[in-house]
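Read-outs throughout are calculated quantities, based only on the coordinates presented, and are distinct from any laboratory measurement. No experiment lies behind these values; they were computed from the predicted model shown.
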Amino acid sequence: MPLSSLSPATAREEGRHARDRGDPAEANPYPEGSEAHALWQRGWEQPDDESNAAE
């Protein structure tokens, strides 16, 4: 998905799903330093109860 059409919720969800699959944090597909990278990382690190409250 192009970064320009990526919503913050989508990036966080992708990170959370990656964690649930057992993917390592290093599997983040977005360029380091980008907002999408940070959002994906936050989704990967954030407990499920917190991610649901943030949306």
Using the Karplus curve 6.51 cos²θ - 1.76 cosθ + 1.60 with θ = phi - 60°, work out ³J(HN,Hα) for each residue of segment 29-38 in order, rounded to whole Hz, and write x for Gly and Pro. x, 9, x, 4, x, 7, 4, 4, 4, 5
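Multiply the residue gap between D20 and S34 by 0.36 nm, knock off their C-alpha separation, and tell me the result in nm, one decimal place. It would help to have the intermediate numbers written out before the result.
Details: separation 14, 0.36 × 14 = 5.04 nm, distance 2.26 nm.
Taking D20 through S34 to full extension adds about 2.8 nm, to one decimal.
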